[in-house]
Amino acid sequence: MARNIQSLERAAAMLRLLAGGERRLGLSDIASSLSLAKGTAHGILRTLQQEGFVEQDEASGRYQLGAELLRLGTTYLDVHELRARALVWTDDLARSSGESVYLGVLHQQGVLIVHHVFRPDDSRQVLEIGAMQPLHSTALGKVLSAYDPVAHSEAMEADRKPFTDRTVCETEDFEHILDITRARGYAADVEETWEGVASVAAPIHDRRRMPVGAVGITGAVERLCRPEEKDALRPELIAAVRDCARAVSRDLGAGRF
């Protein structure tokens, strides 16, 4: 059985202590409450402070929870609100399109899949919640890179490696793709990440009209693209994805887009 890491347990206990009771606590109060030596408590507090999880009041020397912890908590709530608002609409999109639906957010220079609706048939499928997708080649990633300045910076700084001979990697060409994405309101991926697979995605905005995620469908090229033109996605699928993104955005308070 794996042993717990004592320093992490103590750090977690400190954060819980600071989250309850008085707004600010001194070093002696924290050390006494957790039965720790002052030196040990100070070392843990200093580390938490450097990471932004704890702040120290300059005048009193007392400690309180930091802004970074609030940011992480807000992100957690935002993702869960996004998923909750998207449930009905993504189910409808899967039914109307007949394809798998993915909901993704920016995470660590990639796209984190936070919701996945299976293709509504009897085929064997694997749940991909928690999977990561690249920013530069997938439809979800291109949408985030086009609309989210942070995602754009991370896509520019990342190693944009080719997955197929169709992957766009050069900076100028990739920027052109993002310009097209913003102009038409959706992104496409036709065999740029996986051979034989295509996808289309559109941005989701919140009440501040900030991009908070992307929704898209993925499936075989022969189903998503026009029979007579392999590189052209079917317009009715593009419209369905964009309608889904707008509906989720409206539920998040974004109004009309």
**Prompt:** Identify, please: which residue in the range 16-28 is within 34 Å of the chain's Cα centre (by Cα) and surrounded by 12 or more Cβ atoms within 10 Å (Cβ to Cβ) and is, among those, farthest from A67 (Cα to Cα)?
**Reply:** L17
**Request:** Please go through the range 139-174 and pick out each residue that is of a type outside the set (A, V, I, L, M, F, W, C), surrounded by 13 or more Cβ atoms within 10 Å (Cβ to Cβ) and under 14 Å from the mean Cα position of the chain (by Cα).
**Result:** G141, K142, S145, Y147, D148, H152, E154
**Prompt:** Within the set of pairs 6+ apart or on separate chains, which have a first residue in the range 1-13 that is farther than 12 Å from T40 by Cα and small (G, A, S), a second that is at pLDDT 90 or above and not in a helix (DSSP H, G or I), and C-beta atoms under 8 Å apart?
**Reply:** A13/L34
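Would you be able to say whether some residue in the range 178-185 is under 17 Å from the mean Cα position of the chain (by Cα) and either crowded, with 19+ Cβ neighbours inside 10 Å or within 14 Å of L140 (Cα to Cα) (or both)?
Of the range 178-185, the ones under 17 Å from the mean Cα position of the chain (by Cα) are none.
Within the range 178-185, not a single residue is under 17 Å from the mean Cα position of the chain (by Cα) and either crowded, with 19+ Cβ neighbours inside 10 Å or within 14 Å of L140 (Cα to Cα) (or both).
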**Asked** Of the conditions (1) open to solvent by less than 90 Å² (accessible area, probe 1.4 Å); (2) more than 19 Å from the chain's Cα centre (by Cα), G216 fails just one. Which one is it?
**Response** (2)
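Yes or no: the range 125-132 includes at least one residue that is of a type in the set (G, A, S) and either at pLDDT 95 or above or part of a helix (DSSP H, G or I) (or both).
Taking the range 125-132 first, the residues of a type in the set (G, A, S) are 130-131.
Narrowing the set further to residues that are either at pLDDT 95 or above or part of a helix (DSSP H, G or I) (or both) leaves none.
Within the range 125-132, not a single residue is of a type in the set (G, A, S) and either at pLDDT 95 or above or part of a helix (DSSP H, G or I) (or both).
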**Asked** Does the range 209-222 hold any residues that are in contact (Cβ under 8 Å) with a residue 12 or more places away in the chain and farther than 11 Å from D78 by Cβ, and which are they?
**Response** R209, P211, A214, V215, G216, I217, T218, G219, A220, V221
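Being among the β-branched types (V, I, T), within 28 Å of the chain's Cα centre (by Cα), farther than 30 Å from V221 by Cα and surrounded by 12 or more Cβ atoms within 10 Å (Cβ to Cβ) is true for just one of T47, T40. Which residue is that? Can you show your working first?
Numbers: T40 fails: within 28 Å of the chain's Cα centre (by Cα).
Result of the check over T47, T40: T47.
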**Prompt:** So is R226 surrounded by 16 or more Cβ atoms within 10 Å (Cβ to Cβ), without any contact (Cβ under 8 Å) to a residue 24 or more places away in the chain, over 23 Å from G110 (Cα atoms) and not acidic (D, E) or not?
**Reply:** no
**Complete:** Within the range 35-61, the residues that are more than 21 Å from S7 (Cβ to Cβ) and either modelled with pLDDT of 90 or more or of a type outside the set (D, E, K, R) (or both) are A59, S60, G61
**Complete:** Expected single match for open to solvent by 70 Å² or more (accessible area, probe 1.4 Å) and of a type in the set (A, V, I, L, M, F, W, C) among A31, A59, A13 is A59
**Asked** Residues in the range 114-133 that are touching a residue at least 24 places away in the same chain (Cβ under 8 Å) and in contact with a strand residue (DSSP E or B) (Cβ under 8 Å, 6 or more places away or on another chain): how many?
**Response** 9
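If I ask for residues that are of a type in the set (A, V, I, L, M, F, W, C) and either over 23 Å from R166 (Cβ atoms) or surrounded by fewer than 12 Cβ atoms within 10 Å (Cβ to Cβ) (or both), which ones from the range 229-242 would you list? Give the steps one after another, and end with the answer.
Residues of the range 229-242 that are of a type in the set (A, V, I, L, M, F, W, C), as a first pass: 232-233, 237-241.
A239, A240 - these are the residues of the range 229-242 that are of a type in the set (A, V, I, L, M, F, W, C) and either over 23 Å from R166 (Cβ atoms) or surrounded by fewer than 12 Cβ atoms within 10 Å (Cβ to Cβ) (or both).
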**Prompt:** Counting only residues that are modelled with pLDDT under 95 and touching a Leu at 6+ places or on another chain (Cβ under 6 Å), how many does the range 170-206 have?
**Reply:** 1
**Prompt:** Restricting attention to the range 62-112, and to residues there that are in a loop (DSSP other than H, G, I, E, B) and open to solvent by 10 Å² or more (accessible area, probe 1.4 Å), which single residue is modelled with the lowest pLDDT?
**Reply:** Q108
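The values are calculated or read from the model by the stated rules, or taken from the named source; none is laboratory data. Just so we're clear, the structure is a prediction, and the values are computed from it rather than from any experiment. Here Cβ is always computed from backbone atoms with ideal geometry, including for glycine, and neighbour counts include all displayed protein chains. For accessibility, only protein heavy atoms count, side chains too; no ligands or nucleic acids. Shrake-Rupley method; radii C 1.70, N 1.55, O 1.52, S 1.80 Å.
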